[in-house]
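The values are calculated or read from the model by the stated rules, or taken from the named source; none is laboratory data. Keep in mind that what you see is a predicted model, and the values were worked out from it rather than measured. Every residue, glycine among them, receives a Cβ derived from its backbone with ideal geometry; neighbour counts consider all protein chains shown. Ligands, DNA and RNA are excluded from the accessible area calculation, which covers all protein heavy atoms including side chains. Shrake-Rupley method; radii C 1.70, N 1.55, O 1.52, S 1.80 Å.
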Amino acid sequence: KKILNSHWPALLWSAIIVTLLCIPGSSEPESSFLFSIPHIDKYIHFILFALFVIFWGRAISNKPKALFRKKLVWITLAGIFLGYILELVQKHFIPYRSYDGWDVVADAAGAILGLLISLKYQPKNKPL
């Protein structure tokens with residue numbers, strides 16, 4: 001349980017997001033079952049960034065309640081910013097990848113859901 005509340009899961013998940021979103025695309029259309037699901041990439045972005053905020057929320061769960069909430073809002077904004085920056089990286093530096101504004105929307109929606117989930121299950125034993 002101690003490791004789940006440390007920064008390691010959040011750091012690992014952040015690295016996974018950066019790695020996945022920086023994998024070069026393919027010039028051939030995806031033919032796997034997974035990629036035949038309409039808008040599957042948006043669902044993946046949504047889940048990636050919801051978990052980003054949840055994991056970072058767990059990492060700061062030892063903070064007093066008011067500080068936890070404030071930091072969690074900043075974490076959410078950082079997640080949205082990360083999603084936007086990674087889309088720009090894809091557009092300019094990753095072969096066969098492009099910028100997709102709807103991916104940024106999915107990232108932001110996922111981050112906001114992560115915020116709401118983290119607030120619902122915030123630490124209750126540490127008032128400011």
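Whole Å is fine, so just give me how far the alpha carbon centre of region 68-82 lies from that of region 1-23. Using only Cα atoms, the two centres lie 15 Å from each other.
Set the Förster radius R0 to 22 Å, insert the Cβ-Cβ distance between LEU34 and TYR96 as r into 1/(1 + (r/R0)^6), and round the FRET efficiency to 0.05. Before the final figure, lay out each step's value.
Values: r = 18 Å, r/R0 = 0.81.
That pair, LEU34 with TYR96, gives E of 0.80.
Here r is the Cβ-Cβ distance between TYR84 and ASN5 and R0 is 25 Å; the resulting FRET efficiency, rounded to 0.05, is 0.30. Each Cα pair under 8 Å and six or more residues apart adds its separation to the average, and for the chain the resulting relative contact order is 36 percent. Per the Debye calculation on the chain with a single equal scatterer at every Cα and no solvent contribution, log₁₀ I(q)/I(0) for q = 0.16, 0.20 Å⁻¹ amounts to -0.79, -1.08. Take every Cα pair under 8 Å whose residues are at least 6 apart in sequence, average their separation, divide by the length of region 70-126, and the relative contact order is 37 percent.
Ordering LYS65, LYS70 by accessible area with a probe of 1.4 Å, largest first, what comes out?
Values: LYS65 65, LYS70 130 Å².
Ranked list, largest accessible area first: LYS70, LYS65.
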